[in-house]
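Trainee: Mind having a look at this structure? Questions to follow.
Values in this text are rule-based calculations from the coordinates and carry no lab data. Everything numeric in this text was worked out from a predicted model, so none of it was measured. Every residue, glycine among them, receives a Cβ derived from its backbone with ideal geometry; neighbour counts consider all protein chains shown.
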Amino acid sequence: MSDIQMKTDVILIGAGVMSATLGALLKELAPEWNIKVFEKLACTGEESSNEWNNAGTGHSALCELNYTSEKSDGSIDISKAVKINEQFQLSRQFWSFLVQHSLIRNPRDFIMPIPHMSLVQGEKDVNFLKKRFKALSNHPLFHGMEYSEDPQKLKEWIPLIMEGRTSHEPMAATKIDSGTDVNFGALTRLLFDYLQKQGVEMNYQHSVKDIKRTHDGSWRVKVHNTRSGTIENHTAKFVFIGSGGGSLHLLQKTGIPESKRIGGFPVSGLFLVCNNPEVAERHHAKVYGKAKLGAPPMSVPHLDTRYIDNKKTLLFGPFAGFSPKFLKTGSNLDLIRSVKPNNVMTMLAAGVKEMGLTKYLIQQVMLSNEKRMEELREFIPNAKSKDWDVVVAGQRVQVIKDTDTGGKGTLQFGTEVVSASDGSIAALLGASPGASTAVHVMLEVLEKCFPQQMKQWEPKIKEMIPSYGLSLADNPELFEDIFSSTAETLGLNEQNPVPSHLMRKA
Ligand SMILES: Cc1cc2nc3c(=O)[nH]c(=O)nc-3n(C[C@H](O)[C@H](O)[C@H](O)COP(=O)(O)OP(=O)(O)OC[C@H]3O[C@@H](n4cnc5c(N)ncnc54)[C@H](O)[C@@H]3O)c2cc1C
């Protein structure tokens with residue numbers, strides 16, 4: 001086929017939750033634009049966005065202790081927690097818009113209410129949690145948070161975790177009922193189903209190999225159709241590289257100055273999954289602990305109630321590890337191939353700086369299943385090995401770059417939108433807080449890449465996301481309104497709701 005037939009307005013590379021979210025926003029804002037999606041696997045949401053590959057936490061800083069740090073004067077810095085909570089509210093609003101307009105039929109297919117809890121042991125951490133609770137519970141975005149050190153109360157909240165405890169060390173927990181479990185795999189599939197009905201062209205088993213600028217400022221995307229074995233060339237005025245761990249390689253192919261001096265550090269993951277429904281039935285919360293000394297923030301241990309594959313289950317982890325692959329389905333050469341003359345110094349500096357982390361991750365990979373069970377028993381003292389299986393989670397490629405504060409080769413734990421100065425191409429790198437903040441991150445892509453259209457699009461964006469451009473922390477009444485209306489639309493007010501796929505079975 002000739003290039004003329006292959007021209008389109010927008011190309012989205014990768015069919016994960018990020019491309020799905022950007023596609024859904026663009027279909028509402030510019031319905032006349034033609035969009036093509038290229039995905040190297042056979043279906044949508046099979047890498048990090050898949051429900052078995054991530055923890056499914058609707059991250060809004062209700063329970064994640066690494067989003068609140070202790071300052072040198074002993075006070076708690078809640079600014080990051082407020083920021084992440086605000087970002088999650090944008091996702092809730094957009095998902096509510098999709099449900100209200102029947103673009104997604106049943107919210108229970110992807111989101112469930114579940115209490116979010118933080119749990120600590122030992123005097124030092126109990127003091128930290130108490131201070132964190134005081135700082136957050138007075139803030140409107142964290143309204144409804146409870147705190148307890150009372151073993152009886154803790155037994156009521158988390159019977160499975162409290163049973164069989166012999167230690168007399170003090171324990172404390174916070175609990176907030178407005179947390180969520182989000183099936184990002186299901187959400188990705190629902191969004192792409194909707195996009196396909198809107199005329200978006202989905203191309204599976206199409207692996208993007210190269211991206212080059214054309215003489216008129218568009219981008220030529222070279223694609224290997226792995227089903228037919230042929231090479232295709234497609235051009236578009238705007239390209240989004242939403243390839244998860246695969247984004248860095250493709251960004252480097254573009255040659256844009258913004259792609260230089262950036263590296264990637266892959267972190268693999270494992271979960272323990274409970275195969276005993278009676279055990280799973282006895283726990284109903286996402287319970288986050290504190291990261292072990294030397295552990296990266298994304299390996300904070302947590303025990304989560306999940307709704308996956310038509311059943312309620314428990315996931316514990318993630319156990320972080322080292323693998324040179326950038327995608328779960330990637331190659332052992334991914335890390336080596338990402339080292340280029342322009343980022344070699346940055347990568348080497350990070351290698352020296354992060355020796356401790358690399359050592360920690362390699363030790364984690366070597367853990368035996370019984371050692372993993374020992375870590376689980378810090379949460380569930382009576383956990384039996386036969387009730388738990390190991391599942392391999394997704395890969396997270398952390399960004400390495402030179403920063404003013406951290407110096408050369410600094411490891412970043414957040415997400416990063418990298419775009420060309422003319423806004424014709426953008427890539428998403430990094431993995432945290434992740435899918436929960438997809439709407440916030442994709443709005444950032446729109447702001448960076450379509451500044452001329454934003455004025456015209458703003459009324460529609462505000463219709464979909466009423467708090468867009470406003471701080472909810474500064475507008476508590478608006479927050480109350482939005483929080484209760486999105487809870488209503490997304491079915492989050494019901495206690496112990498049954499997901500619709502389970503209802504259909506009953
Ligand atoms: C262990 C773990 C736990 C996590 N827990 C949470 C959590 O609790 N809450 C949360 O919000 N987030 C969590 N995350 C992060 C979240 O999963 C990711 O941020 C999110 O899924 C990323 O979506 P994506 O669309 O960018 O990438 P992906 O879902 O990885 O999708 C990228 C797609 O691009 C395709 N692709 C790659 N290269 C090419 C190519 N060359 N050509 C064509 N297609 C290509 C891939 O096959 C894939 O389908 C977690 C991640 C991990 C790994």
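Trainee: Compute the projected area of the convex hull of the Cα atoms of region 1-69, averaged over all viewing directions, and report it in nm² to one decimal place.
Mentor: Details: hull surface 29.5 nm².
Computed as one quarter of the Cα hull surface, the answer is 7.4 nm².
Trainee: Ok, one more. If each Cα of the chain is one equal point scatterer, what is log10 of I(q)/I(0) from the Debye formula at q = 0.10, 0.12, 0.14 Å⁻¹?
Mentor: Log10 I(q)/I(0), no solvent term: -0.79, -1.16, -1.57.
Trainee: Follow-up question, since we're still on this one. At 222 nm, what helix-only mean residue ellipticity would the chain give, in deg cm²/dmol to the nearest 500, using -39500 (n - 2.57) for each DSSP H run of four or more? Write down the numbers at each step before the final one.
Mentor: Details: 16 runs with 168 residues, N = 506.
One gets -10000 deg cm²/dmol as the mean residue ellipticity at 222 nm.
Trainee: OK, next. Please arrange His283, His116 by how many other C-beta atoms lie within 10 Å of their C-beta, fewest to most. Walk me through the numbers before you get to the answer.
Mentor: Values: His283 20, His116 28.
Lowest count first: His283, His116.
Trainee: Quick check: the angle from helix 476-489's long axis to the longest principal axis of the chain, C-alpha only, nearest 10 degrees?
Mentor: Tilt relative to the chain: about 80 degrees.
Trainee: Follow-up. Give me the extension gain from Phe450 to Leu348: residue separation times 0.36 nm, minus the current Cα-Cα distance, reported in nm with one decimal. Can you show the working numbers first?
Mentor: Details: separation 102, 0.36 × 102 = 36.72 nm, distance 3.56 nm.
Going from the current span to full extension adds 33.2 nm.
Trainee: Loop-only GluC sites (Glu not before Pro) in region 1-58, please: DSSP not H, G, I, E or B, and at most 14 other Cβ atoms within 10 Å. All intermediate terms of the calculation are to be shown ahead of the outcome.
Mentor: Values: sites: Glu28, Glu32, Glu39, Glu46, Glu47, Glu51; in loops: Glu32, Glu39, Glu46, Glu47, Glu51.
Answer by residue number: Glu32.
Trainee: Give the order of Phe413, Phe38 when sorted by the count of other beta carbons within 10 angstrom, beginning with the fewest. Working shown, then result.
Mentor: Details: Phe413 16, Phe38 26.
Exposure proxy ranking, most exposed first: Phe413, Phe38.
Trainee: Highest first, please rank the peptides 256-262, 436-442 by the mean number of other Cβ atoms sitting within 10 Å of their residues.
Mentor: Details: 256-262: 17.7, 436-442: 26.0.
Ranking the peptides 256-262, 436-442 by packing returns 436-442, 256-262.
Trainee: Over what distance in Å are the Cα centres of region 385-464 and region 215-257 separated?
Mentor: With region 385-464 and region 215-257 each reduced to a Cα centre, they are spaced 18 Å.
Trainee: Can you work out the FRET efficiency for the pair Asn138 and Gln205, with r the C-beta to C-beta distance and R0 = 60 Å, to the nearest 0.05? Could the numbers behind the result be given before it?
Mentor: Working: r = 53 Å, r/R0 = 0.88.
Taking R0 as 60 Å, the efficiency between Asn138 and Gln205 is 0.70.
Trainee: Given a Förster distance of 51 Å, report the FRET efficiency between Lys384 and His101 from their Cβ-Cβ distance, rounded to the nearest 0.05. Let's see the in-between values first.
Mentor: On the way: r = 47 Å, r/R0 = 0.92.
Computed FRET efficiency for Lys384 and His101: 0.60.
Trainee: What are the residues whose amide H is under 5 Å from the amide H of Asn54, where those residues sit 5 or more places off or on another chain and H is modelled from the backbone?
Mentor: Gly394
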